[in-house]
1. Hey, rough spin-label estimate for Tyr60 and Gln9, points 7 angstrom out along Cα→Cβ, what's it come to in nanometres?
2. So how far apart, in nm, are the two label points at Lys79 and Glu114 if each is 7 Å from Cα heading toward Cβ?
3. If I model a spin label at Ala45 and Lys90 as a point 7 Å from the Cα along the Cα→Cβ vector, what separation in nanometres do I get?
4. Need the full-extension length gain, Glu72 to Lys28, defined as separation in residues times 0.36 nm minus the C-alpha distance. One decimal, nm.
Amino acid sequence: MKKINSVFQLLTALFFGIGLVYFLTYEKMWGGTPMTGEVVSWLLAGLVIYLITWGTNWGYTSSLNSRIKKIELEKKDLKALVFDLERGEKIGQIEKKPEGIKDDIEPSSIKPRENFK
């Protein structure tokens, strides 16, 4: 798709370059001014080529954007999987603690709150 897009961009630039040279040298080559119909047909052909180029560029860009979205979704899934695996290992380590160790030990010097009625 990228190659087709590049070919159409080159074709558009070449068409308008040839058109510029053609209309600049028209008077010297044929000894008159170009007819209105001829100029309009050149411009319409250029417009068609430009629209084809724009369409291929849009298609190429949208395909890249969809590919980027798919890769980002895959990346998010992999991050979630890694997070779940890491969390599972931590939970497994917590469950493997010996039962003789107290979890209620308060390392701070603040006394627990007492509720009085």
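Each reported figure results from applying straightforward, stated rules to the coordinates on display, with no laboratory input. Everything numeric here is computed off the predicted structure, so don't read it as measured data. Note that we place each Cβ from the backbone using ideal geometry, even for glycine, and neighbour counts take in every protein chain shown.
1. 0.5
2. Reported label-point gap for Lys79 and Glu114 is 4.9 nm.
3. The modelled label-to-label distance comes out at 6.9 nm.
4. Values: separation 44, 0.36 × 44 = 15.84 nm, distance 5.93 nm.
9.9 nm is the gain from fully extending Glu72 to Lys28.
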